[in-house]
Every structure is written in structure tokens, then in C-alpha cells.
Amino acid sequence: MMPHNPPEFPPVEQWPVLAAPDCPTCQCPADVAWIGPATSATGTEANVWHCRSCRAEIYVPVTHWPVLDGPDCPYCRTVVTCWAALALDIPGDLWTCEHGHEFVLTPEGLIILPEDAA
């Protein structure tokens, strides 16, 4: 019998990045572990992460990726942007451009810059 080795990340079509999310409670960037999928009472699918530092559970809604046409960067207007992660503090998606700028795109299509999120 083979030992059970759970995967470290959700399926690639749901989480196409190579790093886990930062914990929104303690802001610890590298000490979270993927627990697995979950479904809320309302039927919303999520990926559950566990922070080893503060022991919080993080629920990230399932989104199927990749997005083929990202938004232009609001800083330098480059069209070379890529999806980075779901933004946990602001409902939306975190995007980066080829020059390292980060911004959040909300489900309504609004762009929120990091300095505006505070």
C-alpha cells in the first residue's frame, strides 16, 4: 500500500502560480499549506489553505484559469500583464505587469492600486 501524499497546491487550472497565498491574518507569505477543496452551504467552491504560523484557515474561491486577455497595466500602460493570485484583502484578482507593477482588478472591472487599497 502506498502512503498518501496530498498535493501541495490546488489543480493547476484553479491555481496557476507556483507560490501559496500570503496569510491575510498574519501576512506570513510562505507558511501556508493547501488543505483541499471545500464547498460552502451556499454552494460556492473554494480552496482551503491553513496558516502554520497563526493557525488561521483561508478560503479562496475557486476560479478557473488561465485568463487569456488581462487588463493593461494602469502604471505603464503595457499590455503584457499576467494573473498573479486572488486578492484576499480586496474582492478581485491580483495582476502584475512585466515591469513588476501590481494592481487588483475587481469583478466589476475596477482597477484598485495598492496605494488606494489602504
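A few notes on this one:
- Rg and Dmax of region 18-62, Cα atoms only, in Å: 10.5, 30
- Interchain or long-range residues, amide H under 5 Å from ALA87's placed H: GLY92, ASP93, LEU94
- Spacing of the modelled spin labels on ARG52 and VAL80, each 7 Å from Cα toward Cβ, amounts to 3.5 nm.
- The order of ILE112, ILE35 by accessible area, most exposed first and with a 1.4 Å probe, is ILE35, ILE112.
- FRET efficiency, 1/(1 + (r/R0)^6) with R0 25 Å, evaluated for LEU113 and ALA38 via beta carbons: 0.20
- Spherically averaged projected area of region 63-117 from its Cα convex hull (nm²): 3.6
The values are calculated or read from the model by the stated rules, or taken from the named source; none is laboratory data. What you are looking at is a predicted structure, and each value in this text was computed from that prediction instead of being measured. As a convention, Cβ positions derive from the backbone with ideal geometry for all residues, glycine included, and neighbour counts pool all protein chains shown. SASA here: full protein model, heavy atoms, side chains in, ligands and nucleic acids out. Shrake-Rupley method; radii C 1.70, N 1.55, O 1.52, S 1.80 Å.
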